[in-house]
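Every number in this text was worked out from the coordinates using simple rules, so none of it is lab data. The shown structure was predicted, so the numbers you read here are calculated from the model rather than taken from an experiment. Counting neighbours? That spans all protein chains shown, and the Cβs are built from the backbone with ideal geometry, glycine included.
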Amino acid sequence: MGKLSDVAEHQKVKITSIDGDTRFLTRITSIGLTVGGIVQMVSNQKKRPLLVYSRNTLIAVNRKESEKIVVEVI
């Protein structure tokens, strides 16, 4: 298991947990990132937001928030 921010480009992972306050959890789940969801990393460049593909949608996640999302490789 690791953080979403550590996932290599084109790798698929499963979200195992999301840490944070209620406001963060509500916002992150409203954009489609939920526990149990499958995510494919599209772009993970240093000092840039992450681009992930999940639920037929391309989603940008800032690097600080991506460190609160725990994933495992599938």
Over the chain, what is the relative contact order in percent, taking alpha-carbon pairs closer than 8 angstrom and at least six residues apart? 45
Give the cross-link partners of LYS12 among the aspartates and glutamates, using a straight C-alpha distance below 14 Å as the criterion and excluding same-chain residues fewer than 8 apart. GLU72
For the chain, with a Gaussian network of springs between Cα atoms less than 10 Å apart, report the residue from ILE31, ILE18, ILE59 with the top mean-square fluctuation. ILE31
Would you compute the Debye intensity of the stretch 33-74 from its alpha-carbon atoms alone, equal scatterers and no solvent, and pass along log10 I(q)/I(0) at q = 0.20, 0.27, 0.33, 0.35 Å⁻¹ to two decimals? -0.60, -1.09, -1.40, -1.43
For the stretch 4-74, which trypsin sites (Lys or Arg not before Pro) pass both filters: DSSP loop (anything but H, G, I, E, B) and at most 11 other C-beta atoms within 10 Å? LYS46, LYS47
What is the dipole size for the chain, taken about its Cα centre, with +1 at each Lys and Arg Cβ and -1 at each Asp and Glu Cβ, in debye to the nearest 20? 220
Using the Cα centre of the chain as origin and beta-carbon charges of +1 (Lys, Arg) and -1 (Asp, Glu), tell me which of GLN11, ASN44, LEU33 is placed farthest towards the positive end of the dipole. ASN44
Once percent of Cα pairs over 15 Å apart is worked out from the coordinates, which option in [x] 46; [y] 56; [z] 62 does it equal? [x]
Can you give the FRET efficiency to the nearest 0.05 for MET1 and ILE38, using r as the Cβ-Cβ distance and R₀ = 22 Å? 0.90
